[in-house]
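The values are calculated or read from the model by the stated rules, or taken from the named source; none is laboratory data. Keep in mind that what you see is a predicted model, and the values were worked out from it rather than measured. Positions of Cβ are generated from backbone atoms using ideal geometry, with glycine treated the same way; all protein chains shown enter the neighbour counts. Note: accessible area is taken over every heavy atom of the protein model, side chains too, but ligands, DNA and RNA are not part of it. Shrake-Rupley method; radii C 1.70, N 1.55, O 1.52, S 1.80 Å.
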Amino acid sequence: MYRLVKIIQRDTINLLTNPMWIFFSLMFPFLLVAILGFLTEGLYGDYFTSYDYYGVTLMLFSAMYAGTFSANSFMEEKIKRANLRIVYSPIRNWFIPFSKVIATFIFSTFFYTIAAVICHFLFQIRFGDEKLLQIWLLFIGMNLLFSCIGVLMCCIFRSEGVANQILSILTAALAMLSGFLFPVANLGETFVKISKWLPTTKVAQTVFEMIYDQNAANFLPIFMLLLILSGLIMAGLMILFNGEEYV
């Protein structure tokens, strides 16, 4: 266990010492909220503003990009070379993918939370005063899920480039179908039906219910769904990971 903690610590430091990843994790959600909130400001009311809508949906959208961080921290060449001695050391095989997931989760949760706080104060975004902790838990649940998905893609395709291409398509498709970028009703009835079954849609709906209806009835089922999906994917990537193929 001590070795696992040290590996997680090292992977987290690797992420924290990359200024481009820090810049992206802070500026990506902020710029998305600022630009889309400004461009659609006249389409929303005074009580429920465009910044309120995109503050929620685009922070969730940003959490989905945790998969890119985990894929990069798992398969980027300079990091991969540093991991070779771990592959050949007497540790359990699953330590490497597990540590990448946890390190990415810690890194992205920290900086995305800072970005959300900045957006809240600059744009007066409602994140639910009484339900703030529960909303934050849903956000980090989404973050954990996509941290797992990023490493899983690397284990399946064994290539950072291919994994990131698939992740980009998956993230964009889920964002559109979940109504993160625009109302999904614009895509037609068929896509609305598909949207209702997506976990990402259910997370966003639950967050809005807690903020504006003070209704937390769906919080626990959706939070547990995120944890269960994360656990299943974590188990899958541990089975798929092969240290020799990683080399």
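Points worth noting:
- Along the range 148-159 the Karplus relation, 6.51 cos²θ - 1.76 cosθ + 1.60 evaluated at θ = phi - 60°, assigns HN-Hα couplings of 5, 5, x, 5, 4, 4, 5, 5, 6, 9, 6, 8 Hz to successive residues, with x for each Gly and Pro.
- Ratio of the Cα radius of gyration of the range 92-197 to 2.2 N^0.38 Å, where N counts its residues: 1.28
- Residue among A116, A172, A163 with the largest mean-square fluctuation in a Gaussian network model of the chain, springs linking Cα atoms under 10 Å: A172
- Gain in span if fully extended, L26 to N215, counting 0.36 nm per residue against the direct Cα distance: 65.1 nm
- Share of carbon and sulfur in the accessible heavy-atom surface of the range 108-247 [1.4 Å probe, %]: 69 percent
- Each stretch of four or more DSSP H residues adds -39500 (n - 2.57); spread over every residue of the chain, this sum gives -25500 deg cm²/dmol at 222 nm.
- In summary, the convex hull built on the alpha carbon positions of the range 27-70 has an orientation-averaged projected area of 2.9 nm².
- Each peptide among 207-218, 59-70 gets the average number of other Cβ atoms lying within 10 Å of its residues, and from highest to lowest they stand as 59-70, 207-218.
- Pairs of Cα atoms in the chain fall into 5 Å distance bins, from 0 up to the last occupied one, in shares of 1, 6, 14, 17, 19, 16, 11, 8, 5, 2, 1, 0, 0 percent.
- Distance between the pseudo-spin-label points of L4 and I169 (7 Å out from Cα toward the beta carbon): 3.4 nm.
- log₁₀ of I(q)/I(0) at q = 0.15, 0.19, 0.22, 0.27 Å⁻¹ - the range 153-233, Debye sum with one point per alpha carbon: -0.68, -0.96, -1.09, -1.19
- Residue ranking by accessible heavy-atom surface, 1.4 Å probe, largest first, among R92, R126 comes out as R92, R126.
- Annotation: I228 carries an accessible surface of approximately 90 Å², with a 1.4 Å probe and no ligand, DNA or RNA atoms counted.
- Contour excess over end-to-end distance, with Cα ends at L133 and L229 and 0.36 nm allotted per residue: 32.5 nm
- Using θ = phi - 60° and Karplus 6.51 cos²θ - 1.76 cosθ + 1.60, couplings along the range 204-213 (whole Hz; Gly, Pro as x): 4, 4, 5, 4, 5, 5, 6, 6, 9, 10
- By a 1.4 Å probe calculation restricted to protein chains, E189 has an accessible surface near 130 Å², given to the nearest 10.
- Length gained on full extension, F182 to V162: 4.4 nm, using 0.36 nm per residue less the C-alpha separation.
- The lysine pair tally for the chain, using Cα distances under 20 Å and a gap of 8 or more places or different chains, is 7.
- Across the range 220-234, computed HN-Hα scalar couplings (Karplus, 6.51 cos²θ - 1.76 cosθ + 1.60, θ = phi - 60°) run 4, x, 6, 5, 5, 4, 4, 5, 5, 4, 4, x, 5, 5, 4 Hz from first to last residue, x flagging Gly and Pro.
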